[in-house]
Amino acid sequence: MARPLPLTLQLLHALRARGATEVFGIPGDFALPLFREIERHAVLRLVTLSHEPAVGFAADAAARLRGGLGVAAVTYGAGALNLVNAVASAYAERVPLVVLSGAPAAREAASGLQLHHQVKTLDSQWRLYREITADQARLDDARDAPTAIARVLDTALQRARPVYLEVPRDCAAMPIDAVPAPAPRTPDADAVSACADELLQRLRDAERPMMLVGVEVRRHGLEVRVAELARRLSIPVATTFMGRGVLAETDAPLVGTYLGLAGDPELTQQVETSDGLLLLGVIVSDTNFAVSAQRIDLRRTIRAFDDEVVMGHHAYPFVPLAHLIDALLERLPPRPAPAPARRERAVAVASAGDAPITPSDIAAAVNALMREHGPMPVASDVGDCLFTAMDLAPTALVAPGYYATMGYGVPAGIGVQVASGRRPIVLVGDGAFQMTGWELGNAARAGCDPIVVVFNNACWEMLHAFEPEARFNALPRWDFASMASGMGGDGYAASTCAQLQAALQRAHATRGRFQLIDVRLADAAVSPTLARYVGAVRRLSMAG
């Protein structure tokens, strides 16, 4: 029997066995022993950033793009509570994020003194994290720790949700036995079989079958198999707004992204009139469906999500998405009928070289760059930069499209490059950059050189689009380009399309330093997609 090893070492091996490749973190006194052990054993790379929200966003993006677990390590109280918003976002958007938090030692907890970083009670943090994570464990018992670690980490992967592990500072090096290997789930084979048979029959009976794909497909590493399923079914497939970027790097018969009244009218009609709409891994949320031209009757859809398949009044509990897709593939011939041609929305042509820049010009310039040099993953913040991303050519995309928290883009770009080794393009508004853009100062130390495009319009423009008369959406006009060199990168200001195109080319040609393009947008310029979205929300609100 293998001899016990330090808890942190066993934990790191268990994380690596479940797809983690790095730990993003910020140390603190209650977490110093944990960080010391992480650095000493070097099983996973340790990447430190400057502010806990960015730690969470970077780990979130790493898990989204790479698959497997993302890991965020922080200290007790001031660190873990600062991380809450990022973890809440991961919960809402179904990301398997592991939070490792330092904690007071048993002797400190029993001292009778209030401890620094303590809020109401020593367990206030624990109770808060129970609300925003799918499973939790306090690793203070050597006998129970291995099975607790395995249970919590497996929950994160199986449910695609964040989890929480608390490591008291006197337990980081505590000897424990090896953590059990990942436990496969085995649903009832007869239930999966019956579900697959009924699903296929419903698609065969439909005159206009269609597949709509969401975030769970990527969370569970199913893109290649779903692309094969779409080919074998020979039905068109689209992504939801949240699922934009899913299947982009496959040969699936992808016809675009469903955006309701904000999107392509032909695609909207195709989705909303389908009598056999298969929703694979789709979160039925307002982000995906609030601006539908006509409300989709969910009773006529087939929904496979969160380990359940619902077809009309029939429900099949505990049919994981991976098992369902495998069962469907087993029933379909390996040589599919010719697939529908891939159809993506046409994007706007760039304006004349000396014209002021609009968001459509940014999309056109980035598309031109990727046509010349090849696809690059995109990390986008929320707001009009994310609506602009809907006009990019198909490429991998990470963004908090549903929870819609600001500040995601820049740390997510670092997380994408650390986890994948691929250089990303980051799209971020000036308001979100003011929150977390300063993490670019850590880019070189992390081995990252993202290309960052700042939508600089001195405004929270998406909010301004809904409240055009309000003054509280105004921001000061910051010179982001001049700040880049002080953080170890290169900055370019672009006020015309010609300047933007030249800056993108220079940025792409320069490696080893982050490249920041400060795009001085025309006043009140918004992407066509955002304009349609705002108009649709207003019309639907008035109709209601």
*How many residues are surrounded by fewer than 20 Cβ atoms within 10 Å (Cβ to Cβ), under 21 Å from Ala172 (Cα atoms) and either in contact (Cβ under 8 Å) with a residue 40 or more places away in the chain or under 20 Å from the mean Cα position of the chain (by Cα) (or both) when one looks only at region 144-161?*
0
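How many residues, within region 184-217, are part of a loop (DSSP other than H, G, I, E, B) and either under 28 Å from Leu157 (Cα atoms) or of a type in the set (Val, Ile, Thr) (or both)?
Final tally of qualifying residues: 6.
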*Return the pairs, sorted by first residue and then second, in which the second residue is crowded, with 24+ Cβ neighbours inside 10 Å and of a type in the set (A, V, I, L, M, F, W, C), the first residue lies in region 502-523 and is without any contact (Cβ under 8 Å) to a residue 60 or more places away in the chain and within 13 Å of Asp361 (Cβ to Cβ), the beta carbons are less than 6 Å apart, and the residues are 6+ apart or on different chains.*
Ala503/Ala494; Ala503/Ile517
*Residue in region 471-500 that is modelled with the lowest pLDDT, counting only those that are in a strand (DSSP E or B) and more than 26 Å from Cys448 (Cβ to Cβ)*: Ala474
*So, in region 224-247, of the ones that are in a loop (DSSP other than H, G, I, E, B) and among the aliphatic types (A, V, I, L, M), which residue ends up farthest from the chain's Cα centre (by Cα)?*
Ile235
*When the residues of region 32-78 are filtered to those that are among the hydrophobic types (A, V, I, L, M, F, W, C) and over 24 Å from Ala17 (Cβ atoms), which remaining residue is nearest to the chain's Cα centre (by Cα)?*
Phe57
*Looking only at region 42-95, which residues are part of a helix (DSSP H, G or I) and β-branched (Val, Ile, Thr)?*
Val55, Val84, Val87
*Please enumerate the residues belonging to region 200-219 that are hydrophobic (A, V, I, L, M, F, W, C) and surrounded by fewer than 23 Cβ atoms within 10 Å (Cβ to Cβ).*
Leu200, Leu203, Ala206
*Does region 107-122 contain at least one residue that is in a loop (DSSP other than H, G, I, E, B), modelled with pLDDT of 95 or more and of a type outside the set (Gly, Ala, Ser)?*
no
*Checking Pro468 against (1) outside any loop (DSSP other than H, G, I, E, B); (2) of a type outside the set (Ser, Thr, Tyr); (3) modelled with pLDDT under 95, which single condition isn't satisfied?*
(1)
*Tell me which residues, restricted to region 29-88, are among the acidic types (Asp, Glu) and farther than 19 Å from Gln417 by Cβ.*
Asp29, Glu37, Glu39, Glu52
*What are the residues in region 284-316 that are more than 23 Å from the chain's Cα centre (by Cα) and β-branched (Val, Ile, Thr), if any?*
Ile296, Thr301, Ile302, Val309, Val310
*Mind checking which residues of region 129-143 are touching a helix residue (DSSP H, G or I) at 6+ places or on another chain (Cβ under 8 Å) and either buried (at least 17 other Cβ atoms within 10 Å of the Cβ) or not in a loop (DSSP other than H, G, I, E, B) (or both)?*
Tyr129, Ile132, Thr133, Ala134, Asp135, Gln136, Ala137, Arg138, Leu139, Asp140
*Picking from Ala59, Ala54, Ala14, which residue would you name as being more than 23 Å from Ala399 (Cα to Cα) and among the small types (Gly, Ala, Ser)?*
Ala14
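The values are calculated or read from the model by the stated rules, or taken from the named source; none is laboratory data. From a predicted model like this one, the values you see are computed outputs, not experimental measurements. For neighbour counting, all protein chains shown are included, and Cβ atoms are generated from backbone atoms with ideal geometry for every residue, glycine included.
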